[in-house]
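> One structure, pasted below without further comment.
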Amino acid sequence: MVEFLFEDTDSTYGKKILYPGCGEGELIAAVERYFKDSVKSPPTGVAIDTNEESIETVRENYRDRVTVQKGDYLSADARLDSFEFVLSYPPTVRWSEISEEKQQEYATSFAQISPDTARIHTGLLFLERSLHVLTEDGNGVFLTTRGFKTEEKKGPFRSYLAPKVADIKQIDHDYFEADIPDMLLKVNSPESDEFDPAISTIRPDPSEVETQLMASATSPTITDPARCIATCFPNLDVYGTNDDAAFVYLDLYYEDYDAAFVFDDPEQFEGFRGYVSRAEMNIRGEGSVTEHVLPLEDSDCIGPEEEVGTVIERLGRDGERFCFVGTPDSPEGIVTRFDLNKVPVYQYLYVMLSRFEIQLREIIREYVPNWEEETDVYISSAYVGELAPDKLSGGTIGDLIDILSETDEMGRIQPNLQTYEADIRDIKDLRDAVAHYNPLVHYMSNDTESDWTAGDLRARYNLLLDIVES
């Protein structure tokens, strides 16, 4: 939870964190552990709870570092400043156990309930209250159930919450002994510069990528590359025209999908209506997903026979987060930036990089035959009998680039390297990633400050392609 809250935070100086329903301070302790070996100090803490014993425990353990308040976080009388961070495992209290007076008070304070509400999950009230105390650029993380996403009676709350969701993660219960809820929910203000419903930071598991590569080692050469990269029917999750828009929006977050098809009958894939894009859904109140359906156009699609390079080029452009395989009348699947980490992309790039490496050796053999005397580059070799192997064959791409750089022969590589958004060293990094099965795209956004975006892959690929084909 703590890492989830602070993962995109550059500075905590002068900022405050609120622990509503703090209990005995377990989350406070987790924050202090997180910052223990950090050059940054934890934000100034404020803890609030109704339980006197819990409050005394927190005061005793964190008196010098956290301001402790006894009170009802959900009460309109709770006077709290604004906070940059909120961290909470909201306590659950049965609605029937809350006094009628309190029920009436909450009903006048919260958008999701009314005086005649029969029951409510109090953890959701904590969520709503926290959205009001967060600063415009603030973030909150809550441990909660998936009920807010799936239960029909929580439709109004979904509509209210959806525009403020920053990310959703599922809990791995193997790490916990206690019976805890399933979901980690991160929220922030939609007016914040940090809010972007299209951004995902999911990172593929390198071990899964390696397993896929090993399994493909004996497979035949792929046909229809674009189709092989895409997620196609029947493995594709789709939605029905009667689905609640807020549910679809939150489910796209939960599944980390950029887009999905919509059908009249999603189980049989019949009655195709179009698609929804997470980045373009604008939830304002309750309503059907049909209000957000976009028509499929020719420009949205690529043919299944398109090369891998075409997919890399397209998804690396600004704003191109996904495209569809097939035709508007007969779509087959979706390919997204996340799919750029699939095996066919590695196979395609491996061939391109091999051609690049061979080309570097040919340039050195022709123009720098005495490279050992003219450079400080050392390449080890092993002699077998009377055979003296070509040392260049044992050199890495980094070695070959160093040779050309030290002898001022980089200009032999065509075209003009100054006109590209990547350089030769970037291609070396790409080669290392392919060789070691590392993810090719870490961040699904096109933020140039992030490492290994689809835009970075596109820039490296364009340079590599032009060198190899020149």
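> Quick one: helix 454-469 against the long Cα principal axis of the chain, what's the angle to the nearest 10°, folded into 0 to 90?
Around 10 degrees separate the two axes.
> Report the extension gain between E255 and A29 in nm, rounded to one decimal, defined as 0.36 nm multiplied by the number of residues separating them, less their alpha carbon distance.
Contour length minus the Cα-Cα distance gives 78.3 nm.
> For S288, what residues show an amide H to amide H distance below 5 Å, using hydrogens built from the backbone and excluding near sequence neighbours?
Under 5 Å from the amide H of S288 lie the amide H atoms of A245, each far enough along the sequence or on another chain.
> Taking the Cα-to-Cβ direction at T223 and at D10 and moving 7 Å from each Cα, how far apart do the two end points lie in nm?
5.2 nm
> With the other protein chains left in place, how much accessible area per residue, in square angstrom, belongs to the chain at a 1.4 angstrom probe?
Working: 23970 Å² over 470 residues.
With the other protein chains kept in place, the chain gives 51 Å² per residue.
> When the Karplus curve 6.51 cos²θ - 1.76 cosθ + 1.60 is applied with θ = phi - 60°, which whole-Hz ³J(HN,Hα) does each residue of region 314-320 get, with x for Gly and Pro?
6, 6, x, 6, 4, x, 8
> How compact and how long is region 225-293, expressed as Rg and Dmax of its alpha-carbon atoms in Å?
Considering region 225-293 through its Cα atoms, Rg and Dmax are 12.0, 41 Å.
> Measure nothing fancy, just the Cα-based angle from helix 206-216's long axis to the longest principal axis of the chain, in degrees from 0 to 90, nearest 10.
Taking the Cα atoms of the chain, the angle to 206-216 is about 50 degrees.
> Something else: For region 403-465, take the alpha-carbon Rg, divide it by the Kirkwood Rh, and send me Rg/Rh.
Details: Rg = 12.9 Å, Rh = 12.7 Å.
Value, to two decimals: 1.01.
> A further question follows. Note down the relative contact order for the chain as a percent, whole number, built from C-alpha pairs under 8 angstrom at least six residues apart.
11 percent
> Still on this model: Output the 0 to 90 degree angle, nearest 10, between the alpha-carbon long axis of helix 424-435 and the longest principal axis computed from the alpha carbons of the chain.
Long axis of 424-435 versus the principal axis of the chain: about 70 degrees.
> Hey, another quick one. At a 1.4 Å probe radius, carbon and sulfur cover how many percent of the accessible area of the chain? Write out the running numbers ahead of the final one.
On the way: 10430 of 23970 Å².
So the carbon and sulfur contribution to the accessible surface is 44 percent.
> If R₀ is 60 angstrom, what is the calculated FRET efficiency for the pair R94 and T396, using the beta carbon separation as r and rounding to 0.05? The partial results should precede the final answer.
On the way: r = 65 Å, r/R0 = 1.08.
That pair, R94 with T396, gives E of 0.40.
> If R₀ is 45 angstrom, what is the calculated FRET efficiency for the pair R79 and R284, using the beta carbon separation as r and rounding to 0.05?
On the way: r = 31 Å, r/R0 = 0.68.
My answer for the efficiency is 0.90.
> Compute the normalised compactness of region 311-369: alpha-carbon radius of gyration over 2.2 N^0.38 Å, N being the residue count.
Numbers: Rg = 17.4 Å, N = 59, 2.2 N^0.38 = 10.4 Å.
In units of the 2.2 N^0.38 Å rule of thumb, it is 1.68.
> Going down the table (K16/K164; K153/K342; K40/K102; K36/K428), which pairs top 30 Å between alpha carbons? Mind dumping the intermediate values first?
Numbers: K16/K164 20 Å; K153/K342 39 Å; K40/K102 41 Å; K36/K428 36 Å.
From K16/K164; K153/K342; K40/K102; K36/K428, over 30 Å: K153/K342; K40/K102; K36/K428.
> Could you derive backbone 3J(HN,Hα) for region 238-247 from the dihedral phi with the Karplus parameters 6.51, -1.76 and 1.60 (θ = phi - 60°), listing whole Hz in sequence and x where the residue is Gly or Pro?
Along region 238-247, the couplings run 10, 10, x, 5, 8, 5, 5, 4, 5, 4 Hz.
> What does the net charge come to around L252 if you take all other residues with beta carbon closer than 10 Å to its beta carbon, with K and R at +1 and D and E at -1?
Details: positive: R278; negative: D237, D251, E255, D256, D258.
With Lys, Arg at +1 and Asp, Glu at -1, the net is -4.
> Rounded to the nearest 0.05, what FRET efficiency do R365 and E421 give with R0 = 41 Å and r taken as the Cβ-Cβ distance? Could you check?
It comes to 0.85.
> Would you compute, from DSSP H runs of 4+ residues alone, the mean residue ellipticity of the chain at 222 nm, taking -39500 (n - 2.57) per run and dividing by the full residue count, rounded to the nearest 500?
-10000 deg cm²/dmol
> Now, a different point. Hey, what's the per residue convex hull volume over the C-alpha atoms of region 214-341, in cubic angstrom?
Values: hull volume 14.9 nm³, N = 128.
Expressed per residue, the convex hull around the Cα atoms of region 214-341 is 117 Å³.
> Then there is this: Within region 322-343, whose backbone N sits under 14 Å from a point 7 Å along Cα→Cβ of T310?
Answer for region 322-343: 323-328, 335.
> For I171 and E3, calculate 0.36 nm times their separation in residues minus their Cα-Cα distance, and state this gained length in nm to one decimal.
Working: separation 168, 0.36 × 168 = 60.48 nm, distance 1.34 nm.
The I171-E3 span can extend by a further 59.1 nm.
> Report ³J(HN,Hα) in whole Hz for each residue of region 285-300, in order, from the Karplus equation J = 6.51 cos²θ - 1.76 cosθ + 1.60 where θ = phi - 60°; Gly and Pro get x.
Values per residue, Gly and Pro as x: x, 7, x, 7, 5, 4, 5, 10, 6, 10, x, 8, 10, 4, 5, 7 Hz.
The values are calculated or read from the model by the stated rules, or taken from the named source; none is laboratory data. None of these values were measured; they are calculated from a predicted model. Note that we place each Cβ from the backbone using ideal geometry, even for glycine, and neighbour counts take in every protein chain shown. Keep in mind that these areas ignore ligands, DNA and RNA; they rest on the heavy atoms of the full protein, side chains included. Shrake-Rupley method; radii C 1.70, N 1.55, O 1.52, S 1.80 Å.
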